[in-house]
Amino acid sequence: MSMDYLLALGPLLIGSYTLSLAVWLWRQQNKRGAVGTVLLTLVTLAVSFYSVFLRQPY
């Protein structure tokens, strides 16, 4: 079970970096790009966590 948490750490780190990019985009008045970046990050994190925690093993 601890391996699952290690596998989830990568997407979390990448997601936090991407969300910081979205904050920077928002401050640069690029609101459309910031919203798109946040949505893309949320979808990617949801798929990653589904594949790590909820998918049935082979």
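Observations on the model:
- Check on Leu54, among the aliphatic types (A, V, I, L, M), more than 10 Å from the chain's Cα centre (by Cα) and surrounded by fewer than 13 Cβ atoms within 10 Å (Cβ to Cβ): yes
- Sole residue being within 27 Å of Asp4 (Cα to Cα), at pLDDT 95 or above and aliphatic (A, V, I, L, M), chosen from Val47, Val52, Val23, Val38: Val38
- Only one of Ser20, Ser16, Ser2 that is within 17 Å of Phe53 (Cα to Cα) and not aromatic (Phe, Trp, Tyr): Ser2
- Residue count for region 6-26 under the criterion of being under 22 Å from Pro57 (Cβ atoms) and touching a helix residue (DSSP H, G or I) at 6+ places or on another chain (Cβ under 9 Å): the result is 5.
The values are calculated or read from the model by the stated rules, or taken from the named source; none is laboratory data. Since this is a predicted model, take the numbers as computed values, not measurements. Every residue, glycine among them, receives a Cβ derived from its backbone with ideal geometry; neighbour counts consider all protein chains shown.
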